[in-house]
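Presented below is the structure to which this report refers.
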Amino acid sequence: MDCLFCKIINKEIPTDFIYEDEKVVAFKDISPQAPVHILIIPKDHIPSNDDITHENSAIVGHVFVLAKNLAKEYGLEEGYRIVNNCKEHGGQSVNHIHFHVLGGRQMLWPPG
């Protein structure tokens, strides 16, 4: 499989994880869009939100609990944003579901 995030998860591409458990990894985005910009990626290869099923949907809850914990750890008490892009027109650039946790500045709406 030629998936960038699978290679990161499998440690074929060196990455400094700020969090790892049996279900997900988390690390700082290499092109941050906010003072805090963390990616949370499920270890199971799920291409996009359209591929969430009843069988694998628990991962989304796991991601959101981790996002809350990382936001607290990184001092985002004033608020933060969790983003999931779905497919090309939704802005997804890697076909492996992932979630951005952004904070440390005022988030504007609409995002662009």
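The values are calculated or read from the model by the stated rules, or taken from the named source; none is laboratory data. In this text the structure is predicted, and so the values were computed from the model without any measurement. Please note: Cβ atoms are built from the backbone with ideal geometry, for glycine as well, and neighbour counts cover all protein chains shown.
Results, tabulated for the structure shown:
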| read-out | value |
| --- | --- |
| Failed condition for ALA58, given (1) within 20 Å of PHE17 (Cβ to Cβ); (2) of a type in the set (Gly, Ala, Ser); (3) loosely packed, with under 14 Cβ neighbours inside 10 Å | (1) |
| Segment 47-62: number of residues that are acidic (Asp, Glu), in contact with a Cys (Cβ under 9 Å, 6 or more places away or on another chain) and either in a loop (DSSP other than H, G, I, E, B) or without any contact (Cβ under 8 Å) to a residue 24 or more places away in the chain (or both) | 0 |
| Selected residue (only one of GLY79, GLY104, GLY75 is of a type in the set (Gly, Ala, Ser), in contact with a His (Cβ under 9 Å, 6 or more places away or on another chain) and on the phi > 0 side of the Ramachandran plot) | GLY104 |
| Where a residue in segment 1-29 is closer than 18 Å to LYS72 by Cβ and in contact (Cβ under 8 Å) with a residue 12 or more places away in the chain and its partner, wherever it lies, is among the β-branched types (Val, Ile, Thr) and assigned to a loop (DSSP other than H, G, I, E, B), with Cβ under 9 Å and at least six apart | PHE27/THR15 |
| Test: residue in segment 39-46 that is modelled with pLDDT of 95 or more, more than 17 Å from CYS3 (Cα to Cα), touching a strand residue (DSSP E or B) at 6+ places or on another chain (Cβ under 6 Å) and assigned to a strand (DSSP E or B) | no |
| Single residue of GLN106, GLN33 found to be of a type outside the set (A, V, I, L, M), touching a residue at least 24 places away in the same chain (Cβ under 8 Å) and part of a loop (DSSP other than H, G, I, E, B) | GLN33 |
| Residue in segment 70-77 that is within 14 Å of VAL101 (Cβ to Cβ), touching a helix residue (DSSP H, G or I) at 6+ places or on another chain (Cβ under 9 Å) and in a strand (DSSP E or B) present | no |
